[in-house]
Amino acid sequence: MRLTNTLSGRKEEFIPGGSPVKMYVCGPTPYDSAHIGHAMSYVIFDVLRRYLEYRGYAVKHVQNFTDIDDKIIARAREAGVSPSDLAEKYIAEFFRDMDDLNVARAHVYPRVTREIPDIIAAIKSLVEKGFAYVTPAGNVYFSVRKYPRYGELSHRRPDEMLAGARVEAGEDKADPLDFALWKAARPGEPAWESPWGPGRPGWHIECSVMSLKYLGEELDIHGGGQDLIFPHHENERAQSEALTGRVPFVRYWVHNGLLQLGGEKMSKSLGNLITVREALERYSADGLRVFILSSHYRRPLLFTEEAVQAAARGAERLRFAARQPARGDAPLDFDPDGFRARFIEAMDDDLNTPEALAALFDLAREVNRAREAGQDIRPAQEVLLELAGVLGLRLETPAAELAARPFIDLLVEVRSELRSRKLFDLSDRIRDRLRELGIILEDTPQGTVWRVGRGG
Ligand SMILES: [Zn+2]
Ligand SMILES: [Zn+2]
């Protein structure tokens, strides 16, 4: 398999350092509901993990919660609750959202507030090694110029980075490029005791410490959105390699493009946020996943109502092909394995999910054609379900339809009886009313069958 490594900027053959594949994905800061932009990133890394597992790799997946940070503190203050209660609420919501999106759970979910002693030990070690310094105010900063490879990951020159760097009010760093490892406590904020006085960790150090602790000194895959490349991952790389002396910290840096809404990056400030919950009220999880995967993961994904609706219809077509019972047992006249080969070829090429989905849609079309021709489509349906599962698509019949099934069967039976008695006005009324409700009846030589769908 080939994966684009942000560090080299090229597609590289994926060769893990050992087994299991060690995968770390930067997790959320739980201060608000997850939106579609978050869902996009977690669905993409979920598919990467599922595909690696499908190809026979064992994967250990770690994802953190940044459960203390400025945004959490500010939001908790507004809401009149403690930062930990606020974080707890949104962590629970995050799990519910991701479960509903069929994102497989990581193996470990470390949280900053539970890792403070390890974080302090790491900062101490960076100070001892000369990569960090303590200020009289009790802040600790990483000294960027001590780490010669800084800027390589984000492909920025030091002068470029300097142009964007600022010393914020209350910061006492020696160089604008430096970043905080430990922030001295401010009044009214949560704080932990440390050798430098009470305070809390900076954002970047947590991911270095947690990945080191739960996955070891060398990760195979470090993932996140492209907005994390700089400064977060650049800083993480500097900290980790300075801490362990081991290069590389990460074998493959994998970053997804960002969700755009009306051409803008989706962010809170635009006020056009769609939460995962709202999206799941309108669309199936399969529909949302097909939408996300219909664009290559490194490209920006443009969210429009039409695009999601088209994806939802696509998911429904796959489900229909995968779940409709066969109408006959004539031998299948095509080989579904060819579609599996196409799928694998696409996924091996830097996780080309649009091509992989195209293979699934073509397979679904063949299944429907073979079904009309009275063939035993079950072997092809098995391949369709197998490959859809790699993309995390369940293709399950909605619970409402399952519940309605016996009643629809009963109506179909009554209608057949009416037809045999030539009471066509009544039998047609049943057919037309069911059609209005989205149930399509088809009269075949073997009897009447029904399906859920739009139009004839
Ligand atoms: Zn990270
Ligand atoms: Zn991170």
Rounding to the nearest 20 debye, state how big the charge dipole of the range 399-452 is about its Cα centre with +1 on each Lys and Arg Cβ and -1 on each Asp and Glu Cβ.
100
Per residue accessible area in Å² of the chain, where ligands, DNA and RNA are left out and the probe is 1.4 Å:
45
What the Cα atoms of the range 399-452 span along the principal axes, largest first and in whole Å, is 35, 22, 15
Once you treat every alpha carbon in the range 332-423 as an equal point and sum by Debye, what is log10 I(q)/I(0) at q = 0.15 Å⁻¹?
-0.72
If every Lys and Arg gets +1 and every Asp and Glu gets -1 at its Cβ, then about the Cα centre the range 52-124 yields a dipole, in debye to the nearest 20, of 220
Return the sequence-ordered ³J(HN,Hα) values of the range 247-252 in whole Hz as given by the Karplus equation 6.51 cos²θ - 1.76 cosθ + 1.60 applied to θ = phi - 60°, using x for Gly and Pro.
10, x, 5, 10, 6, 9
Would you mind computing, in nm to one decimal, how far apart the modelled labels at Arg166 and Glu88 are, each placed 7 Å from Cα along Cα→Cβ?
3.6
Positive end of the charge dipole of the chain (Lys, Arg +1 and Asp, Glu -1 on Cβ, about the Cα centre): tell me which of Phe343, Gly216, Pro187 has its Cα farthest that way.
Phe343
Equivalent-ellipsoid semi-axes (√(5λ), Cα gyration tensor) for the range 239-377, whole Å, largest first?
36, 24, 11
Accessible carbon and sulfur surface of the chain relative to its total accessible area, %, 1.4 Å:
51
Can you sort Trp253, Trp203, Trp192 by solvent-accessible area, 1.4 Å probe, largest first?
Trp203, Trp192, Trp253
Which whole number of Å³ per residue matches the convex hull of the alpha-carbon atoms in the chain?
156
Can you give the calculated 222 nm mean residue ellipticity of the chain, where each DSSP H run of n ≥ 4 adds -39,500 (n - 2.57) and the sum is split over every residue, rounded to the nearest 500 deg cm²/dmol?
-14500 deg cm²/dmol
Under a point-charge model restricted to the Cβ atoms of Lys and Arg (+1) and Asp and Glu (-1), what is the dipole moment magnitude of the range 1-127 relative to its Cα centre, in debye to the nearest 20?
520
Select from the range 398-456 those chymotrypsin sites (Phe, Trp or Tyr not before Pro) which occupy a DSSP coil region and have at most 14 other Cβ atoms within 10 Å, ordered by residue number.
none
Kirkwood Rh, angstrom, the range 178-217 [1 / mean 1/r, Cα pairs]:
11.2
Which ³J(HN,Hα) values in Hz, rounded to whole numbers, follow from the phi angles of the range 227-236 under the Karplus curve 6.51 cos²θ - 1.76 cosθ + 1.60, where θ = phi - 60° and Gly and Pro get x?
6, 8, 4, 10, x, 4, 6, 4, 5, 4
Below 8 Å, C-alpha to C-alpha, sequence gap of six or more: please give me the relative contact order for the chain in percent.
15
Normalised per residue, the volume inside the convex hull of the alpha-carbon atoms of the range 10-145 in Å³ amounts to 172
Rounded to whole Å, sorted largest first: equivalent-ellipsoid semi-axes of the range 62-218, Cα gyration tensor:
28, 21, 16
Listed pairs Lys71/Lys129; Lys11/Lys129; Lys60/Lys146; Lys89/Lys124; Lys89/Lys173; Lys124/Lys146 exceeding 24 Å between Cα atoms
Lys71/Lys129; Lys11/Lys129; Lys60/Lys146; Lys89/Lys124; Lys89/Lys173
Overall dimensions of the range 2-270 as given by Cα atoms, namely Rg and Dmax in Å:
18.3, 53
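The values are calculated or read from the model by the stated rules, or taken from the named source; none is laboratory data. Given the structure is predicted, the values throughout are model-derived calculations rather than measurements. Counting neighbours? That spans all protein chains shown, and the Cβs are built from the backbone with ideal geometry, glycine included. Only protein heavy atoms, including side chains, enter the accessible area calculation; ligands, DNA and RNA are left aside. Shrake-Rupley method; radii C 1.70, N 1.55, O 1.52, S 1.80 Å.
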